[in-house]
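A quick write-up on the structure given underneath.
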Amino acid sequence: MEKLIDRITGEVTKAFTEAGYDARYGKVTLSNRPDLCEYQCNGAMAAAKEYRCAPFQISDRIAEALSGNPMFAAAESVKPGFLNLKVSPEYLAEYLNGMQEEDGRFGCEKTKHPKTIIVDYGGANVAKPLHVGHLRSAIIGESVKRIGRFMGHTMIGDVHLGDWGLQMGLIIVELKARKPELVYFDESYTGEYPAEPPFTISELEEIYPAASKKSKEDEAYKEAAMQATFELQNGRRGYQALLSHILTVSVTDLKRNYESLNVSFELWKGESDAQPYIPDMVQKMKDDGFAYISDGALVVDVKEETDTKEIPPCMILKSDGAALYNTTDLATLVWRMQDYQPDGIIYVVDKRQELYFTQVFRCAKKTGIVKPETELKFLGFGTMNGKDGKPFRTRDGGVMRLEYLVADINREMLTKITENQKTKEDLKLDSEKAEETAKIVALSAIKYGDLSNQAGKDYVFDVDRFTSFEGNTGPYILYTIVRIKSILSKYEAQGKKVSDGKGAILAARTDNEKNLMLAVSRFSAVVENAFEETAPHKLCTYIYELSNAFNVFYHETRILAEEDEELRRSYIGLLSLTKGVLEACIDMLGFSAPERM
Ligand code: ARG
């Protein structure tokens, strides 16, 4: 279905061209003065310069031409030359009836040019527990992926595990100190290694921090860890067998964690998967004359003439020949291009890595790893702070583990829901149901709290605010959906069908009803824009407005008690469409609504 704003632009453009003006002046935008009109066109202001006349002479002519057009209830020319538009309630109702098709798209067309886009997000590090820093990447990346998918693109999420660093050497050294008898440490061993990992996830999670702490206090220990990392990376059999155990145990745990966040990945590739591509890649960079030795290290220049700040060369190999984080990201691009030929790759990473990615992207383009037309996009996110304005921590100041944070919010939500239930004699949830509901609502609190901010900004993780049922929060959105669900099921309990509302939406009778209908009609434009700008927060802003519009309408309208059968069916149609749109949006944000709360 064509977007409402495009249909309006179409009519206005026609009026401009028929009056002899250029079509480009007919562009319509949402009104920035909702008290005066719904849509507006400022084209006459610009056209006046070209046609050398007063702007209102043009806007008057256009308004005149649009009068009587069934799309508009009002088309007014306002000095000095604005065109203020109001959609006709009949036209709007028909538009909404068109949105009700059963395909679950609510009038939003899939793209005509589907792309393949890889989203690099998550970025968990193997054997280290997920912490809140990883939360944002997971939440934002998942939403970006879902929005793209809804638009009809092929979206591939890759977790890009951190599985190739010193942490591996640290774990190996610590394990050796604890269980030296393990066969993995016997260099003369040539047999097969046991299939069972020599540790559990809780042991593994305890081993890493212990080793990390020791390495900071004991130089020799750190040396040993670096040596083990080096041997691992150079193919020592026993260590590689250990690495694959570490991976299996850790990935199982990570999957469980991500699942609890409603986050999933198509690809579970890691930094280690890129290693085999490094030698050829480096050789080619040298052969093509891009890479050269500077201070012993191998580098590629990436600065450009138009730079306003210094962009240092991209380091490919350290002077000891070791590969870096850079090298891995470049080699990852090699296999991504080879295996998936993506049209674009979006990196959802802490914004502090922006300069680093500028270097990587430029280097990849310059050396031909990535085609010139492949779009590499860095979506940097800000820090999640506590109420004190400092990075979110545990009460005793430690790094907050994601699991604990989620558990905290679940508990908080359960308390609120139990409290809320006390006022609802007819809709009591049993305790198991209440816990399940608390989890669903808690996830909305966490995700909406994050996604409603522009990704690049820091934000304060405010548990009290995020879990509130009122205001711009996830639970408020869910509450609205649940409210609609409850009305619809009461309607069905009267022996009627919600599907009777199909095609039954009538012209709005009040401003508040029309407001709701206008909000509903904007769905496709909002999703498209959120995709184009890689901006999930735009979906949040939209569903907050839509929920507000619904709740205002709800408070002034007797829906089930409406006696006029036709009007009641119209309300049911509008409610079920509103619910559909809200649910489609929260699904793109990566959470869902319970039946009751
Ligand atoms: N593992 C990294 C970290 O914890 C994030 C990875 C980001 N993605 C990438 N392609 N470098 O900081």
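The values are calculated or read from the model by the stated rules, or taken from the named source; none is laboratory data. Being a predicted model, the structure only gives us computed values, none of them experimental. In this analysis, Cβ positions are derived from the backbone assuming ideal geometry, glycine residues included, and neighbour counts consider all displayed protein chains. Calculation scope for accessible area: heavy atoms of the full protein, side chains included, ligands and nucleic acids excluded. Shrake-Rupley method; radii C 1.70, N 1.55, O 1.52, S 1.80 Å.
A DSSP coil position with no more than 12 other Cβ atoms inside 10 Å describes the following GluC sites (Glu not before Pro) in the stretch 168-217: 181, 187, 192.
Which FRET efficiency value, to the nearest 0.05, is calculated for residue 78 and residue 551 with the Förster distance at 25 angstrom and r the Cβ-Cβ distance? Intermediate values should be presented prior to the final figure.
Working: r = 31 Å, r/R0 = 1.26.
After rounding to 0.05, the efficiency reads 0.20.
Label sites at residue 408 and residue 428, each approximated as a point 7 angstrom past Cα along Cα to Cβ, lie 3.3 nm apart.
If you rank 411, 352, 178 by how much accessible surface each has, with a 1.4 Å probe, what is the order from largest down?
Details: 411 140, 352 180, 178 100 Å².
Descending order: 352, 411, 178.
Applying a 4.7 Å Cβ-Cβ cutoff to the chain, the cysteines left without a disulfide-compatible partner are 37, 41, 53, 108, 540, 585.
Which order do the peptides 41-52, 355-366, 515-526 come out in when sorted by mean C-beta neighbours inside 10 angstrom, highest first?
Numbers: 41-52: 18.2, 355-366: 19.7, 515-526: 22.4.
Highest mean packing first, the order is 515-526, 355-366, 41-52.
For residue 393 and residue 31, FRET efficiency with R0 = 45 Å and r from the beta-carbon atoms, rounded to 0.05? Walk me through the numbers on the way to the answer.
Working: r = 44 Å, r/R0 = 0.99.
Efficiency for this residue pair is about 0.50.
Based on C-alpha pairs under 8 angstrom that are at least 6 apart in sequence, the chain has a relative contact order of 15 percent.
Its residues counted as N, the chain yields a C-alpha radius of gyration over 2.2 N^0.38 Å of 1.16.
Gain in length, residue 203 to residue 464, computed as 0.36 nm per residue apart minus the alpha-carbon separation, to one decimal in nm? My answer for the length gained is 90.5 nm. Maximal additional length on extending the residue 90-residue 46 stretch stands at 12.7 nm, based on 0.36 nm per residue less the C-alpha distance. The accessible area of residue 292, taken with all protein chains in place and a 1.4 Å probe, comes to roughly 90 Å². Inter-label distance, residue 14 to residue 255: 5.6 nm, where each label sits 7 Å from its Cα along the C-beta direction.
Got a sec? What order do 591, 290, 378, 230 fall in by accessible area at 1.4 Å, biggest, i.e. largest, first? Display every interim value, and only then the final one.
On the way: 591 5, 290 60, 378 40, 230 120 Å².
Sorted by accessible area, descending: 230, 290, 378, 591.
Taking a straight Cα-Cα cut-off under 20 Å and skipping sequence neighbours fewer than 8 places away in the same chain, the lysines within cross-link reach of residue 115 are 145, 365, 371, 377.
For GluC sites (Glu not before Pro), the sites in the stretch 253-346 that DSSP calls loop and that have at most 11 other Cβ atoms within 10 Å are 304, 305, 310.
If you average the sequence gap of Cα pairs under 8 Å that are 6 or more apart and divide by the length of the stretch 342-444, what percent do you get for the contact order? Spell out each step's value before the answer.
Values: 81 pairs, mean separation 23.6, N = 103.
Reported as a whole number, the value is 23 percent.
Panel note: the C-alpha atoms of the stretch 133-203, placed on their principal axes, show extents of 56, 27, 20 Å (largest first). The phi torsions of the stretch 149-158, fed into the Karplus equation with coefficients 6.51, -1.76 and 1.60 and a -60° offset, translate into couplings of 5, 4, 6, x, 8, 8, 10, 10, x, 10 Hz, rounded to whole numbers, with Gly and Pro shown as x.
Using R₀ = 45 Å, calculate the FRET efficiency as 1/(1 + (r/R₀)^6) where r is the Cβ-Cβ separation of residue 22 and residue 275; round to 0.05.
Numbers: r = 57 Å, r/R0 = 1.27.
That pair, residue 22 with residue 275, gives E of 0.20.
Between the DSSP loop rule and a limit of at most 13 other Cβ atoms within 10 Å, which GluC sites (Glu not before Pro) in the stretch 500-538 are left? Loop-located and lightly packed - 533. Rolling a 1.4 Å probe across all protein chains gives residue 219 an accessible area of roughly 120 Å². If you wrap the Cα atoms of the stretch 301-400 in a convex hull and average its projected area over all directions, you get 9.4 nm².
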